[in-house]
Amino acid sequence: MTDVLAVADHRRGELRDVSYELITAGRVLANDTGGDLHVAVISGTVDEFAEKCNREGVDAVHTVEYGEEFDHGVYTQTTVQLADELDPQYVLLPNSVNGLDYAPAVASRLEVPIVTDVVDLESDGETLIATREMYGGKVETTVELGSPAVATVRGAEWPAAEGTGDATIERFDVDIDEDALGATVNGFEEVAGGDVDISDADVLVSVGRGIEEEENLEIIRDLADALDATVSSSRPIVDNGWLPKNRQVGQSGKVVTPDVYIAIGISGAVQHVAGMKGSDTIVAINTNPNAPIMDIADYAIHDDLFDVVPALTEQFQ
Ligand code: FAD
């Protein structure tokens, strides 16, 4: 029992980035234990997903054809059956909406301990040492679990696995007890603004309380248009009802890793930074040179956003 099983995450036909990050985390753990890394893709276009998951460091990909989208019962039963068959030391699941939905059920059925929302993982071969953040990232805690164990992995904490691997790709014949599924997903209905997934954007123009009034968001949208970027925000903008919840970056919003993150009138509170610190290049526009965001910015523009933003828009139009 030294292997690691990681279960990929997808939605609406797209494999989510956290799947590749899970592979990296899984490979690190498998190196610690001296075992193999197995990846499972469940439901949807599994053959396509399996090819994508065949990255360097993956030993085997298991495909399970059953339905199209995430389903709690299907994922729980499949992961438990795969674990029974493969006998992994660790099961890694994404700390996504989907992952958090079924991870506790998997741990419970397997009768093993679980740790959620981990930002670092290592194993000495017997004990799983997981790092979690508390109080919005102000404190790190170390949790030690015996083996086997289940862990959910926070997005954007590990680099995405790259390269093409030489994993075996095999179909896993799952035996789903349909009577035990309990609930069935019948379809999806988008809420307003639900078509936008800020975690997929390459460039984010993110606005904070410094914008002062809802009408002023227009200059932010103009800049986003000029840059072909997506608008996101800090929490107060969402709390005010100026942008929908799916635009919020941070601990209680989304974790984003764009190529460029432009923080406009955002102070950089730990709860906000928790959601964007993995961005490749951070640009901050703030009148306060001591705002925490200025410390983590690659380009810190110490000036009034009402002067800088229209000037930038003009440059890029
Ligand atoms: P402020 O902190 O008020 O900062 C506004 C900034 O704008 C200041 O730095 C100011 O100098 C600058 N500014 C003002 N005028 C101008 C101007 N004209 N030109 C340029 N700059 C200007 N927050 C999140 O964002 N996401 C979360 O997910 C989140 N989750 C939370 C969860 C919990 C449990 C808690 C307790 C809090 C959470 N918060 C979250 C809130 C967080 O603590 C901060 O309150 C919030 O991030 C502050 O938002 P802000 O930076 O827009 O506003």
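Quick rundown of the values:
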| read-out | value |
| --- | --- |
| Residue count for region 260-270, restricted to those that are at pLDDT 95 or above and more than 6 Å from the ligand (Cβ to nearest atom) | 6 |
| Any hit, region 105-120, residues being farther than 20 Å from Thr76 by Cβ, more than 16 Å from the ligand (Cβ to nearest atom), outside any helix (DSSP H, G or I) and open to solvent by 40 Å² or more (accessible area, probe 1.4 Å) | yes |
| Criterion (of a type outside the set (D, E, K, R), under 26 Å from Glu157 (Cα atoms), within 13 Å of the ligand (Cβ to nearest atom) and free of Cβ contacts under 8 Å to residues at least 24 places away in the same chain) met by exactly one of Val249, Val273, Val238, Val256 | Val238 |
| Condition broken by Val283, with the remaining ones in (1) within 13 Å of the ligand (Cβ to nearest atom); (2) β-branched (Val, Ile, Thr); (3) in contact (Cβ under 8 Å) with a residue 40 or more places away in the chain satisfied | (3) |
| Residue ID - most open to solvent (accessible area, probe 1.4 Å), chosen from residues in region 16-59 that are out of contact with any strand residue (DSSP E or B) (no Cβ under 8 Å at 6 or more places or on another chain) and not charged (D, E, K, R) | Asn31 |
| Per-region count, region 32-58, residues assigned to a helix (DSSP H, G or I) and in contact with a Lys or Arg (Cβ under 9 Å, 6 or more places away or on another chain) | 1 |
| Residues of region 220-267 satisfying the condition of being under 19 Å from Pro292 (Cβ atoms), open to solvent by less than 20 Å² (accessible area, probe 1.4 Å) and of a type outside the set (Val, Ile, Thr) | Ser232, Ser233, Ser234, Gln248, Gly250, Tyr261, Ala263, Gly265 |
| Enumerated strands (runs of 3 or more DSSP E) restricted to region 136-196, each holding at least 3 residues that are surrounded by 16 or more Cβ atoms within 10 Å (Cβ to Cβ) | 149-153 |
| Only one of Asp295, Asp304 that is closer than 27 Å to Val118 by Cβ and at pLDDT 95 or above | Asp295 |
| Filter pass, Thr79 being part of a helix (DSSP H, G or I), in contact with a helix residue (DSSP H, G or I) (Cβ under 6 Å, 6 or more places away or on another chain) and either open to solvent by 10 Å² or more (accessible area, probe 1.4 Å) or within 17 Å of Asp175 (Cα to Cα) (or both) | yes |
| Test result for Ala224, outside any helix (DSSP H, G or I) and among the aliphatic types (A, V, I, L, M) | no |
| Complete set of residues in region 200-219 that are within 12 Å of the ligand (Cβ to nearest atom) and open to solvent by 90 Å² or more (accessible area, probe 1.4 Å) | Arg209, Glu212, Glu213 |
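Yes/no matrix, rows are residues, columns are (1) over 20 Å from the mean Cα position of the chain (by Cα); (2) of a type outside the set (Phe, Trp, Tyr):
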{"site": "Asp59", "(1), (2)": "yes, yes"}
{"site": "Phe70", "(1), (2)": "no, no"}
{"site": "Ala83", "(1), (2)": "yes, yes"}
{"site": "Gly99", "(1), (2)": "no, yes"}
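The values are calculated or read from the model by the stated rules, or taken from the named source; none is laboratory data. Only a predicted model underlies this, so the values are computations on that prediction, with no experimental measurement involved. We place every Cβ from the backbone using ideal geometry, glycine too, and count neighbours over all the protein chains shown. When the accessible area is computed, the model is the full protein with side chains, heavy atoms only, and any ligands, DNA or RNA have been set aside. Shrake-Rupley method; radii C 1.70, N 1.55, O 1.52, S 1.80 Å.
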